[in-house]
Amino acid sequence: MKIAFVGKGGSGKTTLSALFIRHLAASGVPVVAIDADINQHLGAALGLDESEAAELPAMGERLALIKNHLRGSNPRIASAETMIKTTPPGDGSRLVRICEPNAIYDACARPVELDGGAVRLMVTGPFTDADLGVACYHSKTGAVELFLNHLVDGREEYVVVDMTAGSDSFASGMFTRFDMTFLVAEPTRRGVSVYRQYKEYAADYGVALKVVGNKVHGQDDLDFLRAEVGDDLLVTLGHSDWVRALEKGRPPRFEHLEEVNRRGLRALHEAADATYELRDWERYTRQMAHFHLKNATSWGNERTGADLAAQIDPEFVLGEEVPAAV
């Protein structure tokens, strides 16, 4: 299951991403966690110290390796240089799976030990001073989009992505790559503004969207969120002494998280799992092709000097039954 956490900056989405990742790890299921936010804080939220987080290998710096691996023997892709962030898989492409060993995990993923088990953590890498004026952050997240485009995940396998804040996710088709998107919203006008943007943009693409109310301190806050987001409000979370201790560098064992917040995480888990039966791999593949054509026309063909529309394999449909290429 592919799960995204989105929301405005400061909403608490990274903290909730990390709590959900901890919950999944404690449930004993395999998890790949990805920090795709311009502010790289997921590692710290999972308990890494600053030096450990700084040493995580950046996917954005290993884009050539990622492209070469995913390209495989696909005859429609002349070279890794002609792959862009939206390039879809086709016959001969190497697909990736949650539990397998592969070159991308070897280069980009590191195990993080949590109370309930270990997860694989991957990060896009920070937006540095060297990038200013010459790049946008989407050049970093392109590695994540390619990974998701080639990912075959099944029931009770999880990829959790902490997305960049606000509506920046709509700069590419990555927002359609998820089975469930959890939008973290505070009970304020600004807090629900990103929800309205997501709701509007995602309406035509079948994106499953649920709101997680955060920093909810009373009935008035709850009533406000219910009035603003209606049935999309899945659960609300309030103050957590456990989270405060984590932020001070003294995390208790996860089993001591407040029961009200544990119930909230179970509700997120159940909502994500419920989308499994709704999967439509043909629609998923069709959306990849749609956004690839848009990117090819707007900038990709000119930048690569190739007709990137030819990369689309009209006979290929991604799905759990597709065998992995050697």
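Throughout, read-outs are computed from the coordinates displayed, never taken from laboratory work. What you see is a predicted model, and the numbers here were worked out from it, not measured in a lab. Glycine also receives a Cβ, built like all others from the backbone with ideal geometry; neighbour counts cover every protein chain displayed.
Some values worked out for this structure:
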read-out: Between 0 and 90°, nearest 10: helix 13-26 axis offset from the chain longest Cα axis; value: 90
read-out: Percent RCO, i.e. relative contact order, over the stretch 1-96, from Cα pairs under 8 Å lying at least 6 residues apart; value: 17
read-out: Angle in degrees between helix 189-202 and the longest Cα principal axis of the chain, rounded to the nearest 10; value: 30
read-out: The chain - charge dipole about Cα centre, Lys and Arg +1 at Cβ, Asp and Glu -1, debye rounded to 20; value: 300
read-out: Residue 267-residue 293 FRET efficiency (beta carbon distance; Förster radius 41 Å; 0.05 resolution); value: 0.65
read-out: Rough spin-label spacing in nm, given labels placed 7 Å along Cα→Cβ, for residue 113 and residue 226; value: 4.5
read-out: Residue 102 paired with residue 248, simple spin-label distance in nm, labels 7 Å along Cα-to-beta-carbon; value: 4.3
read-out: Globularity ratio of the stretch 178-269, using Cα Rg and 2.2 N^0.38 Å; value: 1.18
read-out: Computed label-point distance, nm, for sites residue 64 and residue 260 using a 7 Å Cα→Cβ extension; value: 5.4
read-out: Net charge over other residues, Cβ less than 13 angstrom from the Cβ of residue 283 (K, R count +1; D, E count -1); value: -1
read-out: 0 to 90° range, to nearest 10: angle between helix 138-149 axis and the chain longest Cα axis; value: 80
read-out: Cα gyration tensor shape of the stretch 1-82, rounded if a/c is under 1.5, else prolate or oblate by comparing a/b with b/c; value: prolate
read-out: Length-normalised contact order for the chain - Cα pairs under 8 Å, 6+ apart - percent; value: 27
read-out: Percent of C-alpha pairs per 10 Å bin, the stretch 214-326, short to long; value: 11, 22, 20, 19, 23, 5
read-out: Among 105, 74, 26 - extreme Cα towards positive end, dipole of the stretch 1-124, charges at beta-carbon; value: 74
read-out: √(5λ) per eigenvalue of the Cα gyration tensor, the chain, largest first, Å; value: 32, 22, 19
